Structure formats: structure tokens, C-alpha cells
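Worksheet for the structure shown next.
The values are calculated or read from the model by the stated rules, or taken from the named source; none is laboratory data. Just so it is clear, the model here is predicted, and its values are computed rather than measured. A quick note on method: Cβ atoms are made from the backbone with ideal geometry, for glycine too, and the neighbour counts reach across all protein chains shown.
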Amino acid sequence: MKGRSLELFFVDGRPDGLLVAELFNWTGHVLLVPRTQIKQALERTEASYTGIYILLGEKDGEPLSYIGETEDIGKRIRNHDSQRDWWTKAVFVTTADNKLNKAHVRYLEAQSYARAVSVGRISLENAQVPQMPQVSEAIAANMEGFLDNLYMILPALGIDLFVESKRGTATAEAVSQPPKPVSSSNGMNAETPRFLLQMPKRGIKATARLESGEFILEAGSVVRGEWRGPNTHSYTALREQLDKTDVIQKRGEHGLLTTDYAFSSPSAASAIVTGRSSNGTIEWKLEGTNKTYKQWEAEQLAETADPELA
């Protein structure tokens with residue numbers, strides 16, 4: 001096996017933001033998309049191309065994925081945004097010149113699904129098993145070569161869905177950049193959306209903002225005093241780390257966030273706030289309204305839709 005050259009382009013200059021991955025002398029194009037930047041991703045040209053896509057996240061504390069194909073990735077993703085609220089990252093797989101057709105992507109979807117099931121790292125939410133299309137021997141060979149390159153790229157992006165090895169099973173946080181402390185922002189403008197999560201009976205009140213594609217839980221937020229979810233949950237270790245490092249300081253039955261802290265998704269942040277598995281797209285409300293993050297996000301995506309379809 002010969003060495004290959006992988007080119008990564010950090011679209012906005014951040015390692016945990018939009019990321020383009022391409023191999024030298026390969027027409028394939030891979031875009032890794034944090035859900036918090038889905039609007040920016042759907043404004044890109046390749047979002048209207050034919051291709052396959054992979055949704056990654058967790059549900060009930062367990063890693064989950066979905067593999068699909070479409071002749072217009074952006075249109076399909078807008079659909080999934082309203083119907084599936086568990087995913088935190090997406091991968092768009094197209095070609096730089098939009099040369100994939102319906103038969104190509106049906107083949108890629110069916111083979112990718114079969115491989116993911118065979119590897120068994122992450123559960124798939126696909127309700128139906130993708131059917132293999134009838135294609136020529138030449139097309140099948142070309143698509144197998146395409147998949148070989150794709151399966152080489154994805155592990156380099158931290159996605160082990162198709163890796164047949166004895167590595168540890170990927171968790172929701174393993175397919176995303178780890179959260180990190182951030183400096184308090186004094187430069188927020190009116191376009192920086194802010195969100196509120198309250199549980200009045202438990203004395204919990206937290207605020208967060210979406211800034212540069214990161215969901216930032218703000219200092220001063222009052223969170224649950226301890227983790228109440230199962231010890232096997234993917235956020236258990238994270239909560240322990242935040243407690244040990246005094247990012248969360250114990251205050252009686254509650255915890256106080258001592259510094260702004262960035263998360264990869266609203267659900268990761270709400271899990272830390274509530275001390276259990278949590279659907280952040282529903283629990284967080286746009287500040288000053290009763291609008292959920294999910295509803296706000298749907299409005300943002302509607303702004304990127306084709307005017308003829310809106």
C-alpha cells in the first residue's frame with residue numbers, strides 16, 4: 001500500500017468548525033459539519049450536490065448514526081433537522097464537480113450501510129435497509145474505489161463508523177471535538193443568539209450563547225449539583241472532569257459554572273446542566289421567547305432554502 005496525501009481545510013480557521021477533507025488526485029469531496037454550523041454549511045455550493053451523508057450523535061446516552069443518499073444534500077438535511085434532533089455532526093460526501101448520479105449514491109449508501117452494520121461500532125437509525133441498485137461492473141468498481149478513499153479519510157476525522165479494528169467503541173464525544181473553556185466574550189453583538197434553560201422546581205437556571213459555531217455555557221449558570229444519569233453515559237466522565245477542575249463549583253444542592261465553557265452541541269451543554277441525558281434542542285429556549293433551539297434552528301435553515309421552495 002502506497003502513502004497518500006490528505007488535505008484538510010479549516011473553513012473558518014477553527015479545528016472544531018467546518019472542515020473540508022480531500023485526497024490528492026481524487027474527485028471526492030468530504031465536508032464535516034458541526035450541527036451548530038449547519039446553516040453556514042447549507043449555504044455552500046456542494047450542499048446542493050448529489051451525494052451521501054452521515055449523521056452522528058447520540059440518543060439515550062448511546063452513540064447513533066444515520067446513513068442516507070440524495071440528489072440534493074441541503075434539501076434532505078433540512079428534512080432531517082426537523083425530524084431528527086439527536087444528531088450533533090454531519091458528513092457530506094460529494095464530488096468536487098458534482099458528477100455522482102442517483103445510481104452512484106444508492107450504491108455508496110447501500111455499501112456504507114452494510115459495512116457499518118458489519119463493523120457494529122455504532123447503532124444505525126435507518127428504518128429500512130438500503131437496497132443495492134443494478135449497476136454495471138465498471139460503475140461498481142469505480143464506486144468501490146471511491147469508498148476505499150472515503151474509509152481512509154473518515155478515521156482521520158475521528159469517525160470510526162467503518163473501521164474494522166479493535167479500537168474502543170466511539171462515543172458521541174469521540175466523534176466531536178472535546179469541549180473547552182473559553183474566554184468571556186465582551187464583543188457580543190445583537191446577532192449573537194442567547195438561550196435559557198430553567199428548571200424552577202430544582203433551582204436550575206443556565207444561559208448559553210451560540211458564537212462562532214460553538215454552544216457556550218455561560219459563567220454564573222446554576223446547574224444540578226451532581227450527575228444523576230447512568231455511569232455508562234458518554235457525559236459522565238465530562239461532568240466528573242468539570243467538577244474536579246472547579247469549572248463547576250459545588251454550592252449545596254447545586255453547582256455554579258465559574259467560567260464560560262464551549263460545547264459541541266446544545267445537548268452536551270444541557271446534559272451537564274440537568275445532570276442527565278437531555279435533548280438540548282428542546283430544553284434550551286431562545287432568550288426572551290418560548291421558542292426552542294430546534295424551532296430557532298429551523299427558522300435559520302429556512303432562510304437558506306431555495307426561494308422557489310420556501
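Residues that are under 30 Å from residue 73 (Cα atoms), under 18 Å from the mean Cα position of the chain (by Cα) and not assigned by TED's automatic domain parsing to the domain that holds residue 74: does the stretch 227-237 have at least one?
yes
Every residue, every condition in (1) crowded, with 19+ Cβ neighbours inside 10 Å; (2) of a type in the set (A, V, I, L, M, F, W, C), yes or no:
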residue	(1), (2)
28	yes, no
37	yes, no
42	yes, yes
62	no, no
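Of the residues in the stretch 84-101, at least one is at positive phi and in contact (Cβ under 8 Å) with a residue 40 or more places away in the chain.
The set of residues in the stretch 238-251 that are under 25 Å from the mean Cα position of the chain (by Cα) and in a loop (DSSP other than H, G, I, E, B) contains only 247. Applying the condition of being among the hydrophobic types (A, V, I, L, M, F, W, C) and part of a loop (DSSP other than H, G, I, E, B) to the stretch 93-136 and asking which residue is nearest to the chain's Cα centre (by Cα) yields 122. Kindly list the number of the only condition in (1) aliphatic (A, V, I, L, M); (2) closer than 22 Å to residue 291 by Cβ; (3) at pLDDT below 75 that fails for residue 204. With (1) aliphatic (A, V, I, L, M); (2) closer than 22 Å to residue 291 by Cβ; (3) at pLDDT below 75 applied to residue 204, the lone miss is (3).
Selection within the stretch 239-284: residues that are out of contact with any strand residue (DSSP E or B) (no Cβ under 7 Å at 6 or more places or on another chain) and hydroxyl-bearing (Ser, Thr, Tyr). The member of this set that is surrounded by the fewest Cβ atoms within 10 Å (Cβ to Cβ) is 245.
Conditions tested, residue by residue: (1) surrounded by 20 or more Cβ atoms within 10 Å (Cβ to Cβ); (2) part of a loop (DSSP other than H, G, I, E, B); (3) touching a Cys at 6+ places or on another chain (Cβ under 7 Å).
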{"residue": "3", "(1), (2), (3)": "no, yes, no"}
{"residue": "7", "(1), (2), (3)": "no, no, no"}
{"residue": "58", "(1), (2), (3)": "yes, no, no"}
{"residue": "77", "(1), (2), (3)": "yes, no, no"}
{"residue": "91", "(1), (2), (3)": "yes, no, no"}
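Taking the criterion of being surrounded by fewer than 22 Cβ atoms within 10 Å (Cβ to Cβ) and either under 16 Å from residue 283 (Cβ atoms) or among the hydrophobic types (A, V, I, L, M, F, W, C) (or both), the residues of the stretch 211-223 that qualify are 218, 219, 222. When the stretch 60-75 is filtered for residues that are part of a helix (DSSP H, G or I) and more than 16 Å from the chain's Cα centre (by Cα), only 75 remains.
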